[in-house]
1. Label residue 105 and residue 62 with points 7 Å out from Cα along Cα→Cβ: what is the distance between them in nm?
2. Starting from the amide H of residue 2, placed 1.01 Å from N in the peptide plane, find each other amide H under 5 Å away whose residue is 5 or more places distant or on another chain.
3. Let's test this: bin the Cα-Cα distances of region 23-113 at 10 Å from zero up to the farthest pair and state each bin's percent.
4. So, counting K/R as plus one and D/E as minus one, what does the shell of residues with Cβ under 15 Å around residue 31 add up to?
5. Around residue 18, what is the net charge, scoring Lys/Arg as +1 and Asp/Glu as -1 over all other residues with Cβ under 14 Å from its Cβ?
6. For region 77-90, take each phi angle, set θ = phi - 60°, evaluate the Karplus expression 6.51 cos²θ - 1.76 cosθ + 1.60, and give the result in whole Hz per residue in order, putting x for glycine and proline.
7. Determine the gain in length on full extension of the stretch residue 7-residue 72; use 0.36 nm per residue of separation and subtract their C-alpha separation, reporting nm with one decimal.
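Here, each number is a calculation from the coordinates, and none is a lab measurement. Values in this document were obtained by computation on a predicted structure and should not be read as measured data. Positions of Cβ are generated from backbone atoms using ideal geometry, with glycine treated the same way; all protein chains shown enter the neighbour counts.
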Amino acid sequence: QVQFVESGGGLVQPGGSLRLTCAASGSIFSIGIMEWYRQAPGKQREFVAQILNGDNTYYAGSVKGRFTISRDNAKNTLYLQMNSLKPEDTAVYYCNKRPQISWGRGTQVTVSS
């Protein structure tokens with residue numbers, strides 16, 4: 001079964017940018033739907049963005065226009081470009097597929113001045 005490892009998080013000032021990476025242990029070519037989620041302290045995990053194999057994308061309203069999800073099937077990698085970051089974007093970010101499998105460790109994003 002494929003596993004995912006997230007990376008690229010860090011501390012960034014409001015208005016800054018980060019690019020998250022999700023590396024798969026196997027091929028994602030046949031995975032129709034891949035997604036990013038996030039979980040802030042004391043809150044439930046929430047949907048952030050989705051990309052289909054045909055490159056159609058969908059976003060949560062709170063990130064639309066600021067975040068961009070993309071995938072590189074040749075590199076078995078999923079990306080999340082995050083621009084104009086806000087303090088409320090602070091969370092641990094996770095990637096997964098549909099149907100979902102076990103969650104990875106995620107990558108911490110902290111937006112603070």
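1. 2.5
2. Those lying under 5 Å, H to H, from residue 2: there are none.
3. The calculated distribution, bin by bin, is 16, 52, 28, 4, 0.
4. Values: positive: 71, 75, 97, 98; negative: 35, 55, 72.
With Lys, Arg at +1 and Asp, Glu at -1, the neighbours total +1.
5. Details: positive: 19, 38, 66, 86; negative: 6, 89.
With Lys, Arg at +1 and Asp, Glu at -1, the neighbours total +2.
6. 9, 10, 10, 9, 8, 10, 10, 6, 5, 10, x, 6, 7, 4
7. Details: separation 65, 0.36 × 65 = 23.40 nm, distance 1.56 nm.
Stretched out fully, the residue 7 to residue 72 stretch lengthens by 21.8 nm.
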